[in-house]
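The values are calculated or read from the model by the stated rules, or taken from the named source; none is laboratory data. Source: prediction; values computed, not measured. All Cβ positions, even for glycine, are placed from backbone atoms using ideal geometry, and neighbour counts span all protein chains on display. We work out accessible area using only protein heavy atoms, side chains counted, and drop any ligands, DNA or RNA first. Shrake-Rupley method; radii C 1.70, N 1.55, O 1.52, S 1.80 Å.
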Amino acid sequence: MTAASPVSLDAWWAALPFVPDPFQREAVEHVQAGASVVVTAPTGAGKTLIAEAAIELARMQGSRAFYTTPIKALSNQKFGDLRSAYGDEAVGLLTGDNVVNGDAGIVVMTTEVLRNMIYADPGRLDTLGIVILDEVHYLQDRYRGSVWEEVIIHLPHHVQLVNLSATIANPEEFTDWVRARRGPTALVVETHRPVPLESTYLLKDRHREHRLDHLTIFDRSGKRPNPVVVKLLRKGRGRYRRFAQPRRLEVAEHLHALGMLPAIYFIFSRAGCDQAAQQVAAAGLGLTDPGEREQIRAVAAARTAHVSPQDLDVLGYTQWMAGLEAGVAAHHAGMVPAFKETVEVLFAAGLVKLVFATETLALGINMPAKTVVLERLSKFTGESHELLQPGDYTQLTGRAGRRGIDTSGTAVVLHQRDIPFDRIAAIAAQGSHPLVSSFAPSYNMAVNLVANYPQDRAEELLRASFAQHRLEARRQALRDRMERREAEAVELRAAAKCDRGDIVAFAESHRAVDVRRRMRDFAQSMVPGDVLEIPQDGGAGRWAMVARGYGPNPRLMLVGGDGELWQLAAEDLAPATMIVGTVDVPEPFRPRERAFRRHVAAALGSVHAGERRGIDVSGGLSDPVASCPDLAEHLSWLERARKAERDAARLRERMGGSRDDLVTGFHRLLDLLGAYGYVDGWSLTDEGERLRFVYNELDLLVAEAAHRGHLDGLGPAELAGVMTMFVYEPRRDDIAAPLPDSVARSVEAIAELSDELAVAEDARRLEMARAPDDGYVGRLHDWASGATLEDLFAEEAAAGDFVRIARQTLDLLRQVKDVFPSIRGSAVAAIDRVDRGVVAAEGGW
């Protein structure tokens, strides 16, 4: 960890055109003092200023600063922002796709690039002073989250971390973990939104000419569901539903009429976004004036100038342009980057007024709006529809309210008849959910641990993960609860002791259960007026039973000789209780009145003992414990003691089953790697050394396919196509392109190899990797063979996916050309053939 910084930021603060918020000052002061910092704050609160101050500190100290982001689009945006602030020569970009001035003092990169650098070229980190991990809450991502943890664990300790996160429910837990890994680390939590957010509910009333009702989700307290909405929705029940979700055009017209634009309208479907944008644009709402339309055309032309007219035609440029001029656009991962970036620029400039977007827009891109609309509070995960988490709601609606422009932002949730309103209110109210770990060792991570650390240190680093930290915290909580329950059990057993005998032996012989059953039967035979003689310390007292309840264990109402009223359950009577006579119960029956009870008490005094009737105490019930007047209390304490002991045993079992899972899984990985010749004990073979530099979800499959020669002999186009198998994951609406005959052998061999590895993983109880998919092999093969965009997408609008998959394939080709000599020549040629046209234009840098 660096020493406290001698430099001052006073001049930098003074040059700002606004007064920084206290939380921004506090965070930067911690960094100045040499600590790392975790900052959680709502979207738009100003976390970026903290990153900029940290970069300035690094520059003043003569060290480098890295700014990492989870997605390339955000890296590109930050790269542009920082170049504007510091000049082109001072800032670099490393995203896998692009390498621009990589040795600059300030470098923007995706988090994966930094992780790879730590493993492959740690010498480049010697002059590094500060790393900003933007959107650090992304470490809970199921597929990529481990990367953030690897960076935090393995980054040299002299580097300070500035962790910037959206609001999470467990920031203290996360900060404790970072502190344990990195040394002094401060937590700065900002809950205040610079622009207040109001959550509202929009529904259509079919009984009132389809009128739209726009109401707040919460009452005036801001905490409870709005009773007006609750009452209104009750009216809509029945066979014919009164309320419906407004149509997209109706919502657009409503927002426009109320002056609630610009707005982002979230639809968790690419096709839905495109359809909505086309429909609203065609309606001619008059969102733009002639001057704005002229500016829109100029920006769009400049932003797409690098794309050929032929490709623009295939991409539907004319229709897209018509939507932009109408002030409406879609934004999703299926669009080519040039189109997405144009939409971002136009929206930020206030020229496009309504954007229909998927949730990918919620991640970091600077597109603030006045209003955010959520069409659904559930989305399809690939397997099922699941409700959004409170943190998702906060992230999506966080763009509502432009700082310095709006006095408040509005979130509009559309009526959803399949989701109860109180559930919607709960999601909107909670605001955040706990940050969890998705950390799991990969094959690439395993071989890099073997290469860089002794075994005990590698295992220590695995235990240093946030996943293990949370696991240990849970185990400690379980241990604390177990010890408390064990101590309680000792105290409860002491309270259960009976002076007349062994209460435990009595209970374990089942006599306690028998006594209770007989007491219930005895009570059910009683009638009002029966006089009971109940054993007590120092003798026995008489009580008149004046009322009896119903059921298997009826409650009894008794009046004593002093007029006292007593109520108890039948099984709580002492087993030696006897019926010794009867009295008349006065009418009317008013046991709560003193006169009634005095009359019964007086009658009790005149009862003479006659025939005595009680439960049968024969057959082993003569145990002295059975006649104890406090037997019911003893048994109650004993049962509570036994419950505490059972709870403690369950807690102990849960503790035992949750220890060292990550290290155990790691050794299972090593066992498989050893079986396939990648490790030999705690050392790497030549194949293991190659696997160190394969950064792909299917890393072992890539390395083993190359090792077995399944990629040898392929021409550039064939290799490009086959490599898509390792990066392509099909969507439900994807149409597979025909598979060329020239790659059939390799495709079949890789599929068989995947099955073989899956069997090996299953045998070792490892999570099986996803299967490779050949659905894009033909398409990229044709592109690398010279096909045009029009050849590939004559009837489809998935060019954005094509560009993304082509760029991912290029990234993998660049890795394998340096790692596997047998395919280097073909890989180099494949890169040249794929990286052209709209694919080469990706990113704009």
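Here are some notes:
- Built amide H within the under 5 Å cut-off of G541, gap 5+: I534, Q536
- Note on A33 and R764: the model spin-label points, each 7 Å out from Cα along the C-beta direction, lie 4.6 nm apart.
- The chain, accessible area per residue, ligands and nucleic acids excluded (1.4 Å, Å²): 44
- Sites I405 and A322, calculated FRET efficiency, Cβ-Cβ separation with R0 35 Å, nearest 0.05: 0.80
- Debye, to nearest 20: dipole size of segment 640-751, +1 on Lys, Arg Cβ, -1 on Asp, Glu Cβ: 1200
- Cross-link table K497/K643; K47/K370; K353/K379; K204/K231, entries beyond 22 Å C-alpha to C-alpha: K353/K379
- Taking 7 Å steps out from each Cα toward its Cβ at A751 and A649 produces label points 5.3 nm apart.
- Amide H partners (placed H, <5 Å) of E135, local residues excluded: L164
- Selection from V108, A595, Q24 lying farthest towards where the dipole of the chain points positive, charges on Cβ: A595
- Of all accessible heavy-atom area on the chain, the percent that carbon and sulfur account for (1.4 Å): 49
- Taking amide hydrogens as placed 1.01 Å from N in the peptide plane, the amide H of Y728 sits under 5 Å from those of D773, each at least 5 positions away in sequence or on another chain.
- Beta bridge orientation in the chain: antiparallel %, DSSP, nearest 5: 45
- Which label in [x] 54, 31, 28; [y] 44, 36, 25; [z] 67, 37, 28 gives the computed semi-axes √(5λ) of the Cα gyration tensor in Å: [z]
- Nearest-20 debye value, the chain charge dipole, Cβ charges on Lys, Arg, Asp, Glu: 3580
- Taking each residue as 0.36 nm, the span from A477 to D818 lengthens on full extension beyond its C-alpha to C-alpha distance by 117.9 nm.
- Using the Cβ-Cβ distance between V99 and R836 with R0 set to 22 Å, the FRET efficiency works out to roughly 0.75.
- Degrees, to the nearest 10: 744-763 long Cα axis against longest axis of the chain: 30
- Taking the charge dipole of segment 485-589 about its Cα centre, with +1 at Lys and Arg Cβ atoms and -1 at Asp and Glu Cβ atoms, the residue from L558, P535, A489 reaching farthest to the positive side is A489.
- Cα long-axis angle, helix 824-834 against the chain (0 to 90 degrees, to the nearest 10): 90
- Estimated [θ] at 222 nm from DSSP helical runs (n ≥ 4, -39500 (n - 2.57)) normalised by residues in the chain, nearest 500: -14000 deg cm²/dmol
- Label-to-label distance for V345 and Q430 is 4.1 nm, based on points extended 7 Å past Cα in the beta-carbon direction.
- In this structure, E250 and A271 have a Cβ-Cβ separation that, at R0 = 25 Å, corresponds to a calculated FRET efficiency of about 0.80.
- For K235, a cut-off of 20 angstrom between C-alpha atoms picks up these aspartates and glutamates, skipping any fewer than 8 places away in its own chain: D205, E209, D213, D219, D418, D422.
- With the charge dipole of segment 646-801 set up from +1 on Lys and Arg Cβ and -1 on Asp and Glu Cβ about the Cα centre, the Cα lying farthest toward the positive end among the listed residues A675, P740, N696 is that of A675.
- Relative to the longest principal axis of the Cα atoms of the chain, helix 270-283 runs at roughly 70 degrees.
- Extension gain, L258 to S8: 0.36 nm times the residue separation minus the Cα-Cα distance gives 85.2 nm.
- Converting phi to 3J(HN,Hα) with the Karplus coefficients 6.51, -1.76 and 1.60 and the offset θ = phi - 60°, segment 577-585 yields 4, 10, 8, 10, x, 9, 9, 7, 8 Hz in sequence order, with x at every glycine or proline.
- Part-to-part distance (alpha-carbon centres) for segment 159-177 and segment 240-303, which is given in Å: 37
- In a reduced charge model with +1 at each Lys and Arg Cβ and -1 at each Asp and Glu Cβ, segment 65-165 shows a dipole moment near 160 debye about its Cα centre.
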